[in-house]
1. Are there any pairs with C-beta distances below 6 angstrom linking a residue in the stretch 189-208 that is over 15 Å from LYS315 (Cα atoms) to a residue that is among the polar types (S, T, N, Q), with the two at least 6 apart or on different chains, and if so which?
2. Identify, please: which residue in the stretch 26-50 is at pLDDT below 90 and part of a loop (DSSP other than H, G, I, E, B) and is, among those, surrounded by the most Cβ atoms within 10 Å (Cβ to Cβ)?
3. Search the stretch 360-387 for residues being of a type in the set (S, T, N, Q) and within 10 Å of the chain's Cα centre (by Cα), and hand back the single one that is modelled with the highest pLDDT.
4. Can you find a residue that is on the phi > 0 side of the Ramachandran plot, of a type in the set (Gly, Ala, Ser) and surrounded by 15 or more Cβ atoms within 10 Å (Cβ to Cβ) anywhere in the stretch 259-267?
5. Only one of GLU280, GLU287, GLU321 is within 16 Å of the chain's Cα centre (by Cα) and charged (D, E, K, R); which?
6. All but one of (1) within 33 Å of the chain's Cα centre (by Cα); (2) in a loop (DSSP other than H, G, I, E, B); (3) not β-branched (Val, Ile, Thr) hold for TRP403; which doesn't?
Amino acid sequence: MKFGHEYKVALRDEGFPQEWVESAIDYKHLKKVIKMVHDELQGLGLDAATLDRLRELVKAQADPPVAARRPSLPAGEFYSASQPELATITEEFIPQLRILVDNKTGTPLDVSLAAETKASLRRLVRHEMVLAGRREHLGNTIHVSPNNQSGNAPEQHDADDGELDEQTQESLDARWIQVPLASARDFFDALEPSFVQLDTIRATETRVLEEEILDLGDAVTNVVQPVRAGYETKRDISYRDLYFWREMFRLYIEKPIFYKSTEKSRGALTFAEAKENLVEYDTKLRETGLLAKMKTPQAKVAAQQFLDLNLHILKTMQFQEMNARAMTKILKKFDKQTHLGGNTFIKALGNQYPALISNRKSSAGGFSDSIAHDLQAEIGSKVLAIVPQLDDWVCPVCYGMAWRPVNLGCCRSVFCIRCIIKLQREKMKKCPMCNAEKVMKADGRNIDFATMEFLETFFPLEVKRRQKENEREQLVSDYGEEFVRRDCVIM
């Protein structure tokens, strides 16, 4: 299926808001306008071969070899050292051909142009010269030499070029004429509103999504509060919902939906990759039955709100990525079919609208590059951080929960009290994380009571389990393994 048909079907069937569809790139119309530009250039004799030959001439003269010399030319012939090219007026965006011509006859001075091309361009130039005279905007008359197009003072040349310079100065009075391309202007007039509208939609949807993330954060905060002391007795809620949320978020963090931050693969994902990840995440939730296990209506509503938020991001991502792809393809098609050297223009558009045009070969689209990372970070800080994960509170020595938490004061690491006791018995003086000699100085004052209260609040089941493990280890230490062994012994 060709992209044009695929693009049309997606706009029609993917359920985008009507406002979005009306603002989408009119890919089919722009293709027709590109053909009009191509036909207009063909009518001027500027076919692909001519434009490519001119481009090679410009490239060769931009950095000529030391030994290279221009051949002697008959009187009246001239190397312009530049090709007819697409130029624009700063005040108003008007695509134009910029051509060096004889100031009296209007004949293009580039010797590499065919006679038919010169004749076509001459008719256009003479018309523009008449119009310019009427508007009293004749521009600057330029006396040019082979290496001086801009009207500046002539530069020093080799002896072989001196004779040519003298002939040119005597016989030619030349200047640049800018001839508007009507069809090219139609192309950019149709293109510019789409850029503005798409960028507006992107900015609007970003603000809406950020507000939804904040609302979701408030909802999640409300449903995890019941684990706090005395809260559950006042409302018909269950603290076990916290554990269901923790598992939901653990699965979400395990395989990010929209953005990868690993060293091996860092960057925004494509819509197809993000959709696959979201479907996989939804499948895991259904297999584990986490949504069905939630006890309170508030928790179920917040969970659905979380899934809807991800679907909203995915839908916005699909629309923006699809239009970014259409934009990139249509600009490449313009450059390929007109041969006007539009790569510079495309790069400029990419700088102005980075969310709509991406210069990367394997790109997830501008939306992913500029927004997906930010939204992923917003979800992480405003939503996922509300429900702490056990992995953030493990002891770096035994990799179990850091209960009772001990802070040596030399670094931010928190250790479990059992590991600190073992290190002291083994006469280990240095902190396992930063090598500061703090271990032997630790005592009851190093217990982090704020962290201990936090763990009791958000990890009540894990705290009870860890406390039993500590008590068992203490019994083994005091009385030996046989004292706590529960194996049945037959006498």
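The values are calculated or read from the model by the stated rules, or taken from the named source; none is laboratory data. Bear in mind that the values here come from a model prediction, so they are computed numbers and not experimental data. So basically every Cβ, Gly included, is an ideal-geometry build from the backbone, and we count neighbours across all protein chains shown.
1. GLN197/SER23
2. Applying the filter and picking the extreme gives LEU46.
3. Restricting attention to the stretch 360-387, the residues satisfying the condition of being of a type in the set (S, T, N, Q) are 362-363, 368, 370, 376, 381.
Then drop every residue that is not within 10 Å of the chain's Cα centre (by Cα), which leaves 363, 368, 370.
Numbers: SER363: 48, SER368: 54, SER370: 60.
Within the stretch 360-387, the match that is modelled with the highest pLDDT is SER370.
4. So far as the stretch 259-267 goes, yes, one or more of its residues are on the phi > 0 side of the Ramachandran plot, of a type in the set (Gly, Ala, Ser) and surrounded by 15 or more Cβ atoms within 10 Å (Cβ to Cβ).
5. Numbers: GLU280 fails: within 16 Å of the chain's Cα centre (by Cα); GLU287 fails: within 16 Å of the chain's Cα centre (by Cα).
Every option except GLU321 fails the conditions.
6. (1)
Results for (1) touching a residue at least 60 places away in the same chain (Cβ under 8 Å); (2) not aliphatic (A, V, I, L, M), shown as yes or no for each residue.
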{"position": "PRO388", "(1), (2)": "yes, yes"}
{"position": "VAL394", "(1), (2)": "no, no"}
{"position": "ALA402", "(1), (2)": "no, no"}
{"position": "CYS419", "(1), (2)": "no, yes"}
{"position": "MET428", "(1), (2)": "no, no"}
{"position": "THR451", "(1), (2)": "no, yes"}
{"position": "PHE458", "(1), (2)": "yes, yes"}
{"position": "GLU482", "(1), (2)": "no, yes"}
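Conditions (1) farther than 22 Å from PHE249 by Cβ; (2) buried (at least 16 other Cβ atoms within 10 Å of the Cβ); (3) not polar (S, T, N, Q), marked per residue:
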{"position": "GLU276", "(1), (2), (3)": "no, no, yes"}
{"position": "VAL279", "(1), (2), (3)": "no, no, yes"}
{"position": "LEU285", "(1), (2), (3)": "no, yes, yes"}
{"position": "MET294", "(1), (2), (3)": "no, yes, yes"}
{"position": "GLN298", "(1), (2), (3)": "no, yes, no"}
{"position": "PHE306", "(1), (2), (3)": "no, yes, yes"}
{"position": "LEU311", "(1), (2), (3)": "no, no, yes"}
{"position": "PHE319", "(1), (2), (3)": "yes, yes, yes"}
{"position": "ALA326", "(1), (2), (3)": "yes, yes, yes"}
